[in-house]
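Participant: Here it is, the structure, as structure tokens.
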Amino acid sequence: LLALPGFLLALGVRLLRFLDHLGLLPLAFIRNDPMYASLFIANLGSLKMDAAYHHLYEYGTIGLFCVIGQTHERVVLEEGQVRARRTTTLRFSFDERVEDGMYAGLSLGRLQQLIEDPEAAGAG
């Protein structure tokens, strides 16, 4: 495609963006594109990095990004006892066009319950 004259390439890109905006982009364009998903998870912990907030994209359908950080030994209060536990940080970025604050807060609270105590949360 890069062999095309610049104006034809630009016109083609504009057409594809317009079709995407209308939700009419052919499946062949999005089937294997990771930017067309519900959730994007980046595991920076596997690279020995802490979690960061991921930037959002105007391209694709992803409205929720989760970044996992590396694990650390941290002091936590557990049932009235101070203990050292392995913990990790999860950071979320939401696209405000696809979520509202109350629902996002309730959903993250539920996710925290499931991660911290799956049996008590009813998932086990």
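The values are calculated or read from the model by the stated rules, or taken from the named source; none is laboratory data. Quick caveat: nothing in here was measured; it's all calculated off a predicted structure. All Cβ positions, glycine included, derive from the backbone under ideal geometry; neighbour counts span all protein chains shown. Calculation scope for accessible area: heavy atoms of the full protein, side chains included, ligands and nucleic acids excluded. Shrake-Rupley method; radii C 1.70, N 1.55, O 1.52, S 1.80 Å.
Participant: Please sort by residue number the chymotrypsin sites (Phe, Trp or Tyr not before Pro) in the range 1-85 whose DSSP state is loop and whose Cβ has at most 12 other Cβ atoms within 10 Å.
Facilitator: Passing both the DSSP loop test and the Cβ count: 53, 59.
Participant: Counting only heavy atoms of protein chains, what accessible area per residue, in Å², does the chain have with a probe of 1.4 Å?
Facilitator: So the chain comes to 78 Å² accessible per residue, rounded to a whole number.
Participant: With 14 Å as the cut-off, how large is the P(r) tail for the range 11-58, expressed as percent of Cα-Cα pairs?
Facilitator: 64 percent
Participant: While we're looking at this one, here's another question. Per the Kirkwood definition applied to all pairs of different Cα atoms, how many angstroms is the hydrodynamic radius of the range 4-124?
Facilitator: Evaluated on the range 4-124, it is 17.7 Å.
Participant: Longest exposed-loop-site-free stretch of the chain, with trypsin sites (Lys or Arg not before Pro), DSSP loop and at most 11 other Cβ within 10 Å?
Facilitator: 49-96
Participant: Quote the FRET efficiency, to the nearest 0.05, computed for residue 89 versus residue 32 with a Förster distance R0 of 30 Å and r equal to the Cβ-Cβ distance.
Facilitator: Given R0 = 30 Å and the Cβ-Cβ separation, E is 0.45.
Participant: Within the chain, what's the longest stretch lacking GluC sites (Glu not before Pro) that sit in DSSP loops with no more than 12 other Cβ atoms inside 10 Å?
Facilitator: It runs 1-57.
Participant: Leaving out ligands, DNA and RNA, what percent of the accessible area of the range 19-109 is carbon and sulfur, probe 1.4 Å?
Facilitator: 58 percent
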